[in-house]
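Please read the structure below before turning to the comments.
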Amino acid sequence: ATIGSHPFDLKMVEDGVEWFGATCQKTITVTAAPQPDLITNHQEITITGALTTGTILTFTSTVKNQGNGSAVTGSICRWCIDNTNCYTSTTGRINEHSFGAFDPNMISNPRTSNGWTATAGSHAIWWCADVTNVVTNESNESNNCHSRQFTVSVPPPVCGNGILESGEACDNGG
């Protein structure tokens, strides 16, 4: 059936002769079946750890079903570093989490990635829902991923008395 309002007329006739009076006019409205919509961008991805090289960083976020239908099957969500195709590719994968069914407006408990050893430069962490595409009736498949940009810096060298300021010589004399 086509979604929308569909008017129709009923008339009881036999060989052009009216039975039972006037035409009965009715409208049938066809609506879409409720559909889930898993999203990851309803809240910020949090980063735990110092943004300096060598630090072990973890990332935390949740998944929400913003649709009006239930996602009745469980699904897999994935953390990736520097991979804009995290939804379909395991390149840069940090780890994955499994989820059960999601009722409408349900938000998962926070899920934290495994640790990633920070390297210098600009990076993006990606968090993608339903990467195995088992929730096949989602109303919008294009909003299953969310990213956060961040920059990792190289820490200044450490001397015996603390952090070496730019241009200074290291005083190891105590």
**OP:** Starting from residues that are surrounded by 11 or more Cβ atoms within 10 Å (Cβ to Cβ) and modelled with pLDDT of 95 or more, keep the ones in region 147-174 and report whichever is farthest from Gly69 (Cα to Cα).
**Re:** Ser153
Original post:
Checking Glu138 against (1) open to solvent by less than 20 Å² (accessible area, probe 1.4 Å); (2) modelled with pLDDT of 95 or more; (3) of a type in the set (Asp, Glu), which test does it fail?
Top reply: (2)
**OP:** Within region 94-111, work out how many residues are open to solvent by 60 Å² or more (accessible area, probe 1.4 Å) and in contact (Cβ under 8 Å) with a residue 60 or more places away in the chain.
**Re:** 1
**OP:** Give the residue, chosen from Thr62, Thr40, Thr23, that is of a type in the set (Ser, Thr, Tyr), open to solvent by 30 Å² or more (accessible area, probe 1.4 Å) and touching a strand residue (DSSP E or B) at 6+ places or on another chain (Cβ under 9 Å).
**Re:** Thr23
Original post:
Mind checking which residues of region 65-93 are assigned to a strand (DSSP E or B), among the β-branched types (Val, Ile, Thr) and open to solvent by 30 Å² or more (accessible area, probe 1.4 Å)?
Top reply: Ile76
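The values are calculated or read from the model by the stated rules, or taken from the named source; none is laboratory data. These figures come from a predicted structure and were not determined experimentally. Counting neighbours? That spans all protein chains shown, and the Cβs are built from the backbone with ideal geometry, glycine included. Calculation scope for accessible area: heavy atoms of the full protein, side chains included, ligands and nucleic acids excluded. Shrake-Rupley method; radii C 1.70, N 1.55, O 1.52, S 1.80 Å.
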